[in-house]
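> One structure, as structure tokens, below. Some questions next.
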Ligand code: COI
């Protein structure tokens, strides 16, 4: 947690030293029952076949406010719609905002399955630590998500490859122009049915390793799911797209030598019999799909290393034809890489085809999500279950 955190966190740390079982001061833990106001004008469901990513939203949203001294309060579900913010609201210029992203699936028997909801709730708080945002009890985050999905359950699509994307967000809401952590916040959750994240779906994408732009540096906010990291990725991503690539392969922010992330996903590769992914060094997001993949690979007895990987070693493996490479993230699940560009050269990976391990990982995770494969780690949980 950065030293510069405000008195919320100083008081939380003081409180934690007295009450090690919790991070949340008693006077700020007060949350009453969720009030539900249903829409009078339910929306029309889109056909599952037409779903893209993140364009359609359900009938309702969850909201809860925070004020210093009062804590998180007024949890409610209301009809989905715009909320108004004072133009001086501090999140607008200074970006004190965090979010997460997770999915609910329509299982084969019609039941609704949430994937690793508790892990996402905990990660939201981890992101909050980096931005001095007061913790929300993960049980309340989970309850907010479960209740909203319950209310909007007709929006969970059924077609294979579709799901309900769930977007919890916290924004700083105090109105001021000086730079300091806000004393008030809004936590909200929206949901909407989605199809594939990349138009390529599970077909291999082409990526450009950037020796010019970086998304994050150690000591910065790279490990947090926060607005600024995504803003930092936009210019480089546009340049990559102009050059004919789908996404950027980000290199480390200091030497521009070691792999960091790809697009908005974690990056993984297999060279020979070793699967490698960059370590969680403070600049890289602790992806939940990253963790699912590493867990499965270890279950399967593969050699897995979380270690720095130099771009030169990746290029050497691409030239030698021993490289398989993929991205991992909640939105796309697994995204195979078929082509890599670097310093004006283009390298074809695995013959431009989806590798066998990449496909097996995708099939296994998707199987767990929809309930067609065993779930030995208990990652999926039924709505209402
Ligand atoms: C994810 O893969 O879940 C992401 O973070 C993508 C999201 C920013 C749309």
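Yes/no matrix, rows are residues, columns are (1) assigned by TED's automatic domain parsing to the domain that holds residue 51; (2) within 13 Å of the ligand (Cβ to nearest atom); (3) over 20 Å from the mean Cα position of the chain (by Cα):
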position	(1), (2), (3)
186	yes, no, no
199	no, no, no
210	no, no, yes
214	no, no, no
218	no, no, no
229	no, yes, no
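> Within segment 283-295, can one find any residue that is free of Cβ contacts under 8 Å to residues at least 40 places away in the same chain and not assigned by TED's automatic domain parsing to the domain that holds residue 104? Outline the logic, then answer.
At the first step, the residues of segment 283-295 found to be free of Cβ contacts under 8 Å to residues at least 40 places away in the same chain are 290, 294.
Within this subset, residues satisfying the condition of being not assigned by TED's automatic domain parsing to the domain that holds residue 104 are 290, 294.
Checking segment 283-295: at least one residue is free of Cβ contacts under 8 Å to residues at least 40 places away in the same chain and not assigned by TED's automatic domain parsing to the domain that holds residue 104.
Table: residues versus (1) buried (at least 20 other Cβ atoms within 10 Å of the Cβ); (2) touching a strand residue (DSSP E or B) at 6+ places or on another chain (Cβ under 7 Å); (3) in the same structural domain as residue 272 (by TED's automatic domain parsing); (4) on the phi > 0 side of the Ramachandran plot.
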{"site": "302", "(1), (2), (3), (4)": "no, yes, yes, no"}
{"site": "314", "(1), (2), (3), (4)": "yes, yes, yes, no"}
{"site": "325", "(1), (2), (3), (4)": "yes, yes, yes, no"}
{"site": "344", "(1), (2), (3), (4)": "no, no, yes, yes"}
{"site": "348", "(1), (2), (3), (4)": "no, yes, yes, no"}
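> In contact with a strand residue (DSSP E or B) (Cβ under 9 Å, 6 or more places away or on another chain) and within 16 Å of the ligand (Cβ to nearest atom): which single residue out of 151, 91, 117 fits that description? Before the answer, list the steps.
Working: 151 fails: within 16 Å of the ligand (Cβ to nearest atom); 91 fails: within 16 Å of the ligand (Cβ to nearest atom).
Step by step, each of 151, 91, 117 is checked, and only 117 is in contact with a strand residue (DSSP E or B) (Cβ under 9 Å, 6 or more places away or on another chain) and within 16 Å of the ligand (Cβ to nearest atom).
> If I go through segment 236-258 residue by residue, how many of them are under 21 Å from the mean Cα position of the chain (by Cα), away from the ligand (no atom under 16 Å from the Cβ) and part of a strand (DSSP E or B)?
1
> Can I ask one more? Within segment 297-320, does at least one residue satisfy the condition of being within 16 Å of the ligand (Cβ to nearest atom) and within 20 Å of residue 236 (Cβ to Cβ)? Before you say what the answer is, go through the steps one by one.
Here is the first cut: in segment 297-320, the ones within 16 Å of the ligand (Cβ to nearest atom) are none.
The answer is no, given that none of the residues of segment 297-320 is within 16 Å of the ligand (Cβ to nearest atom) and within 20 Å of residue 236 (Cβ to Cβ).
> Considering only residues that are away from the ligand (no atom under 16 Å from the Cβ) and under 22 Å from the mean Cα position of the chain (by Cα), look in segment 259-274 and name the one that is surrounded by the most Cβ atoms within 10 Å (Cβ to Cβ).
If we filter segment 259-274 for residues that are away from the ligand (no atom under 16 Å from the Cβ), which is where we start, we get 259, 269-274.
Pick out the ones that are also under 22 Å from the mean Cα position of the chain (by Cα) and you get 259, 269.
Numbers: 259: 25, 269: 23.
Result: 259.
The values are calculated or read from the model by the stated rules, or taken from the named source; none is laboratory data. Values in this document were obtained by computation on a predicted structure and should not be read as measured data. Glycine also receives a Cβ, built like all others from the backbone with ideal geometry; neighbour counts cover every protein chain displayed.
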